[in-house]
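A.B. asks: So that we are looking at the same thing, I have put the structure below in structure tokens.
The values are calculated or read from the model by the stated rules, or taken from the named source; none is laboratory data. Note that the structure is a prediction, hence the values are computed from the model and not measured. Glycine gets a Cβ as well: all are built from the backbone with ideal geometry, and neighbour counts include every protein chain shown. Note: areas computed on protein heavy atoms with side chains; ligands, DNA, RNA excluded. Shrake-Rupley method; radii C 1.70, N 1.55, O 1.52, S 1.80 Å.
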Amino acid sequence: MLENWHFRVGVYSEYVCSPEDLCLLFNAAGELLLNPQNGELLHTGGYSGLLRSLPHDSAYLGTWKGRPLYAVVSQELAPAVHGRAVSLREVLALHEPEQGCLACMGKQLLHWRQQTRYCSACATPLQEKAGERARICPACQALYYPRINPAVTVSVTKDNKILLAHNRSFQNNVFSLVAGYVEVGESLEQAAAREVLEEVGIHIKNIRYWGSQPWPFPSSLMLGFLADYESGTIKPDGVEIDQAGWYALDALPDLPRPGSMARKIIDSLLTENAPDTAQS
Ligand SMILES: [Zn+2]
């Protein structure tokens, strides 16, 4: 999907942002600032006023269409300089997929750099590691790479109905697939089975991989699975999930907005581009 993107490592401290370079600008709340000239995600270095010295926590993403690309937190810019702020979820729903991927990459790298400043073994301030996307401790040589936390989401079907659940953290009446983080020592399939059992009391079988996508909230990789009902009666855990049920595809409740892995899986079921064909 990222056919226009290339990453070539170098010495991080040598990176500067020239007027021809590209930037993704994030505000302090983690929203993306659109280019007011064209409504696009990408700004040029010259336009954004971020020349020569990038803030320490800026992230070099690589090149896009041959031009260096950075993610920058633009707290210092005057409001008039930048355009409308949009959430990353809105970006994933509305913008074309490749730029959405770049935005996810930028968000995750900024988060990693902001959260990875000191060695957790000896508390020494970290330095950039030449030749790799990593930071290194100058005292004990410990290496710190961007961390990705795997999570799974599962579409469970029974008699042409799909299992959907409402999470207490959802702000509205949206129902989605069961999802959760992979625990240490688990396979992805074990995590999928455990999450469904924990959250809604259902045993599942025939678990098949569907696809994956970066999920920078703040640093996950979401892996989608399909599964069949095996046994049990729906019983929401009352902690994360307060409602759940089996829904016919022609009578679905409010769904997550487009762009999420769960919505992609549900859409694929709706268009009959489904389980078995989606993998091939
Ligand atoms: Zn150290």
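A.B. asks: Hey, can you tell me all the residues within the stretch 181-200 that are part of a helix (DSSP H, G or I) and more than 20 Å from Q243 (Cβ to Cβ)? Don't jump to the end; show me each part of the working.
C.D. replies: Pass one, the stretch 181-200, residues part of a helix (DSSP H, G or I): 188-200.
Within the stretch 181-200, L188, E189, Q190, A191, A192, A193, R194 qualify.
A.B. asks: Here's a check for you: in the stretch 108-136, which residue that is of a type in the set (G, A, S) and at pLDDT below 95 is surrounded by the most Cβ atoms within 10 Å (Cβ to Cβ)?
C.D. replies: A134
A.B. asks: Can you tell which of G259, G211, G245, G224 is assigned to a loop (DSSP other than H, G, I, E, B) and open to solvent by less than 50 Å² (accessible area, probe 1.4 Å)? Write out each step before concluding.
C.D. replies: Numbers: G211 fails: assigned to a loop (DSSP other than H, G, I, E, B); G245 fails: assigned to a loop (DSSP other than H, G, I, E, B); G224 fails: assigned to a loop (DSSP other than H, G, I, E, B).
The unique qualifying residue is G259.
A.B. asks: Right, next: Inside the stretch 131-156, can you point out the residues that are more than 11 Å from the ligand (Cβ to nearest atom), in a strand (DSSP E or B) and among the hydrophobic types (A, V, I, L, M, F, W, C)?
C.D. replies: A151, V152, V154, V156 - these are the residues of the stretch 131-156 that are more than 11 Å from the ligand (Cβ to nearest atom), in a strand (DSSP E or B) and among the hydrophobic types (A, V, I, L, M, F, W, C).
A.B. asks: Out of the residues in the stretch 172-188 that are open to solvent by 80 Å² or more (accessible area, probe 1.4 Å) and under 22 Å from the mean Cα position of the chain (by Cα), which is modelled with the lowest pLDDT?
C.D. replies: If we take residues in the stretch 172-188 being open to solvent by 80 Å² or more (accessible area, probe 1.4 Å) and under 22 Å from the mean Cα position of the chain (by Cα), then N172 is modelled with the lowest pLDDT.
A.B. asks: Moving on to the next point. How many residues are more than 25 Å from the chain's Cα centre (by Cα) and either under 26 Å from K264 (Cα atoms) or open to solvent by 30 Å² or more (accessible area, probe 1.4 Å) (or both) if we restrict to the stretch 137-156?
C.D. replies: Total satisfying the criteria: 4.
A.B. asks: Taking the criterion of being of a type in the set (F, W, Y) and modelled with pLDDT under 95, would at least one residue in the stretch 204-217 satisfy it?
C.D. replies: Yes.
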